[in-house]
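The values are calculated or read from the model by the stated rules, or taken from the named source; none is laboratory data. None of the values given here were measured: they were computed from a predicted structure. Here the Cβ is made from the backbone with ideal geometry for all residues, glycine too, and neighbour counts use every protein chain on show.
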Amino acid sequence: MGSNRFAGKVIVITGGAGGLGAAIAHEAGRQGASVAILDTNKDAIALLVSELKAAGITADGRAVDVRDGKAVTTAMNELAQSLSGIDILIAAAGGSLGTPRELDDITDEDLDLVLDVNVKGTYYCARAAIAHMKKRGGGSIVTFSSIGGRSASPVTGVPYAAAKAAILGLTRRLAKEVGLEKIRVNAIAPGLFLTDRLAGMFEKLSLVEREEVLSAIPLGRMPELRECVDPVLFLASDESSYITGAVLDVNGGRLMPN
């Protein structure tokens, strides 16, 4: 892609210091964006921001727990002031967060954690970013669902499936709510991308379960990280300017919805 695809744009990435978030940050920066990172890991934020700046990318970051709506709003306001606005939100904070897969092992605290980070966190971040997008005359939000919220996944548990399904409803309703403000809201639903955390989960599956996952993918392989990064940035960019309220499945054909 051209280096000016996101020229003049400020992109906020939640969960931005993790493997996928960092990859999105680097690529968005290479394509001209100023990049803001929200994450809970202060050291990882500092390292990523320094790497981005060393690459000539304008960057800033804040440590925040996305479950705290007031803290999210404060952090988003600070980043908007630091970087002169917010145009794009990539709400990547979430996942199964190390919670158990098996029903008998899932505690009430596990359920609360997964729903709060994924659903409430996405909502709080979108709410805070939208206020700044309105000032810019529009914007784009990319939320993170999952193949596990679109079908029954063998890899993750019920709380994750419920949370990622809820993200789709949140995305559609939010898109309807802010469309006249020229703000688009779309979801990406990745299959199994083997970031460090997910690789550990995949390795814990039995050989039969792993073969079941691979044999169900028509492309016959696990994806590369860039194969999630590129679709996310497509939805974030003006190339998808007439797409809103949609979900983009990125799973090698494992799920082919009607």
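Quick check on Gly18: is it over 15 Å from Met133 (Cβ atoms) and modelled with pLDDT of 95 or more?
no
Condition first: surrounded by fewer than 17 Cβ atoms within 10 Å (Cβ to Cβ) and small (Gly, Ala, Ser). Now tell me which residues in region 226-245 satisfy that.
Matches in region 226-245: Ser241, Gly245.
List pairs: first in region 223-250 and farther than 15 Å from Ala22 by Cα and assigned to a helix (DSSP H, G or I), second among the polar types (S, T, N, Q) and modelled with pLDDT of 95 or more, Cβ under 9 Å, 6+ apart or cross-chain?
Short answer, once both residue conditions are applied: Phe234/Ser240; Leu235/Ser140; Leu235/Asn186; Ala236/Ser140; Ala236/Asn186; Asp238/Ser140; Ser240/Ser140; Ser240/Asn186.
Counting just the residues of region 145-176 that are hydroxyl-bearing (Ser, Thr, Tyr) and in a helix (DSSP H, G or I), which one comes out modelled with the lowest pLDDT? Reasoning before the result, please.
Filtering region 145-176 down to residues hydroxyl-bearing (Ser, Thr, Tyr) leaves 145-146, 151, 153, 156, 160, 171.
Filter once more, keeping what is in a helix (DSSP H, G or I): 160, 171.
Values: Tyr160: 95, Thr171: 98.
It comes out as Tyr160.
Considering only residues that are farther than 19 Å from Leu38 by Cβ and either outside any helix (DSSP H, G or I) or touching a Lys or Arg at 6+ places or on another chain (Cβ under 6 Å) (or both), which ones fall in region 109-144?
Answer for region 109-144, where residues must be farther than 19 Å from Leu38 by Cβ and either outside any helix (DSSP H, G or I) or touching a Lys or Arg at 6+ places or on another chain (Cβ under 6 Å) (or both): Gly137, Gly138.
Of (1) of a type outside the set (Ser, Thr, Tyr); (2) buried (at least 24 other Cβ atoms within 10 Å of the Cβ); (3) out of contact with any strand residue (DSSP E or B) (no Cβ under 9 Å at 6 or more places or on another chain), Arg127 satisfies all except one. Which?
So Arg127 meets the others, but not (2).
Given the condition modelled with pLDDT of 95 or more, in a helix (DSSP H, G or I) and surrounded by fewer than 17 Cβ atoms within 10 Å (Cβ to Cβ), answer yes or no: does some residue in region 181-193 qualify?
yes
Restricting to region 2-34, and then to whatever is assigned to a helix (DSSP H, G or I) and either in contact with a Lys or Arg (Cβ under 8 Å, 6 or more places away or on another chain) or of a type outside the set (A, V, I, L, M) (or both), can you tell me which residue is surrounded by the most Cβ atoms within 10 Å (Cβ to Cβ)?
Initially, region 2-34 is screened for residues assigned to a helix (DSSP H, G or I), giving 19-30.
Narrowing the set further to residues that are either in contact with a Lys or Arg (Cβ under 8 Å, 6 or more places away or on another chain) or of a type outside the set (A, V, I, L, M) (or both) leaves 19, 21, 23, 26-27, 29-30.
Working: Gly19: 16, Gly21: 25, Ala23: 19, His26: 18, Glu27: 20, Gly29: 22, Arg30: 16.
Of everything passing the filter in region 2-34, Gly21 is surrounded by the most Cβ atoms within 10 Å (Cβ to Cβ).
Would you confirm whether or not region 73-86 contains a residue that is outside any helix (DSSP H, G or I), within 17 Å of the chain's Cα centre (by Cα) and surrounded by 16 or more Cβ atoms within 10 Å (Cβ to Cβ)? If you could, list the steps in order and put the result at the bottom.
Of region 73-86, the ones outside any helix (DSSP H, G or I) are 84-86.
Restricting the remaining residues to those that are within 17 Å of the chain's Cα centre (by Cα) gives 86.
Subset that is surrounded by 16 or more Cβ atoms within 10 Å (Cβ to Cβ): 86.
Yes, that holds for at least one residue.
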